[in-house]
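**Q** Submitted below is the structure of interest, expressed as structure tokens.
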Amino acid sequence: MSVGRVLILLAAGVGGGLTGSIAGLASLATYPALLALGLAPVTANVTNTVSLVFSSTGAISGSRPELRGQRTRLRPLAVAGLLGGAVGGALLLVTPEGSFELVVPWLGALGALVMLLRRRLVHDPGAEPGDHGRVVVVGTGLIGVYGGYFGAGAGVLLLALLLHGTDESLPRANAFKNVVLGVANAIAAVAFIVFGSVSWPVVVPLGLGLFVGARLGPAVVRRLPADGLRIAIAIAGLGLAVKLAFDAYS
């Protein structure tokens, strides 16, 4: 691999890791870069998913202050994400290429629009104080399916669910999002490593860049105003939805 291609992958990784750990939009930077370097769509998707394991590792390590003491509350969300990611990865391997691409932009747009709202939208009367209700856990599992299948915009969907289905602050909701998507992505990545076609020379520089960028993201979230950051994430999510719609319907 040429030095130029390595530098492109490193830069895309840093940008993707930073946006991924902040807004769940890593694929906005990484997936187009893989396509631009000549990878076929399915190979690019599989390679991107495997590389994102490095992003999740960096984001989780950077989110330790928000995750301290939250293991019990995080466990059901992580299990839901793991099961969803396994289903999503299996679907990608057995369904025809492009079978889900028409609905992806609408899901991304939905998550972005919900991010723009400030009030809590989901309330589970059966939830104990401080716990996440069944609606949020089931929703997390469904987003895990989407994340394991395609991934682009899954972070915006999950962040919107956590912000409007729970009482979590933006930094803690973002930390939970990093763990849940990391688990969903990791289980899908295992399936792709075993059964898929991974471009390993690409994974190394892209993964390194993703780790560095993702490690910085949680610190950025702690320091920026929550409302401004929430609106910026929503706008970026809408931009991704428009791009995906253009690709799917053109």
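**Q** State all residues of the stretch 200-250 that are over 15 Å from the mean Cα position of the chain (by Cα), modelled with pLDDT under 90, among the β-branched types (Val, Ile, Thr) and closer than 22 Å to residue 33 by Cβ; if no residue qualifies, say none.
**A** If the condition is that a residue be over 15 Å from the mean Cα position of the chain (by Cα), modelled with pLDDT under 90, among the β-branched types (Val, Ile, Thr) and closer than 22 Å to residue 33 by Cβ, then 220, 235, 242 are the ones that fit.
**Q** Considering only the stretch 186-196, I want to know if a residue exists there that is open to solvent by 10 Å² or more (accessible area, probe 1.4 Å), of a type outside the set (A, V, I, L, M) and touching a Ser or Thr at 6+ places or on another chain (Cβ under 6 Å).
**A** No, the conditions are met nowhere in the stretch 186-196.
**Q** How many residues does the stretch 23-73 contain that are aliphatic (A, V, I, L, M), assigned to a helix (DSSP H, G or I) and open to solvent by 40 Å² or more (accessible area, probe 1.4 Å)?
**A** Matching residues across the stretch 23-73 total 6.
**Q** Cβ-Cβ under 6 Å, sequence separation 6+ or interchain: first residue in the stretch 170-191 and within 19 Å of residue 136 (Cα to Cα) and in a helix (DSSP H, G or I), partner open to solvent by 40 Å² or more (accessible area, probe 1.4 Å) and not acidic (Asp, Glu). Which pairs?
**A** Within 6 Å, the pairs are 170/226; 171/222; 178/60; 179/60; 182/60; 183/82.
**Q** Further question on the same structure: Open to solvent by 50 Å² or more (accessible area, probe 1.4 Å), within 27 Å of residue 6 (Cα to Cα), assigned to a helix (DSSP H, G or I) and of a type in the set (A, V, I, L, M, F, W, C), is that true of residue 203?
**A** On the way: open to solvent by 50 Å² or more (accessible area, probe 1.4 Å): no; within 27 Å of residue 6 (Cα to Cα): yes; assigned to a helix (DSSP H, G or I): yes; of a type in the set (A, V, I, L, M, F, W, C): yes.
No; evaluated as a whole, the condition is false for this residue.
**Q** Taking the stretch 69-106 as the region of interest, how many residues are among the charged types (D, E, K, R) and at pLDDT 90 or above? Reasoning before the result, please.
**A** Let us first name the residues in the stretch 69-106 that are among the charged types (D, E, K, R), namely 71, 73, 75, 97, 101.
Restricting the remaining residues to those that are at pLDDT 90 or above gives 75.
Of the residues in the stretch 69-106, 1 are among the charged types (D, E, K, R) and at pLDDT 90 or above.
**Q** Okay, next question. Inside the stretch 146-160, can you point out the residues that are outside any helix (DSSP H, G or I) and either at pLDDT 80 or above or over 8 Å from the mean Cα position of the chain (by Cα) (or both)?
**A** Listed by number, the list holds a single entry, 150.
The values are calculated or read from the model by the stated rules, or taken from the named source; none is laboratory data. The shown structure was predicted, so the numbers you read here are calculated from the model rather than taken from an experiment. Cβ: placed from backbone, ideal geometry, glycine included. Neighbour counts: every protein chain shown. Accessible surface areas use protein heavy atoms only, side chains included; no ligands, DNA or RNA. Shrake-Rupley method; radii C 1.70, N 1.55, O 1.52, S 1.80 Å.
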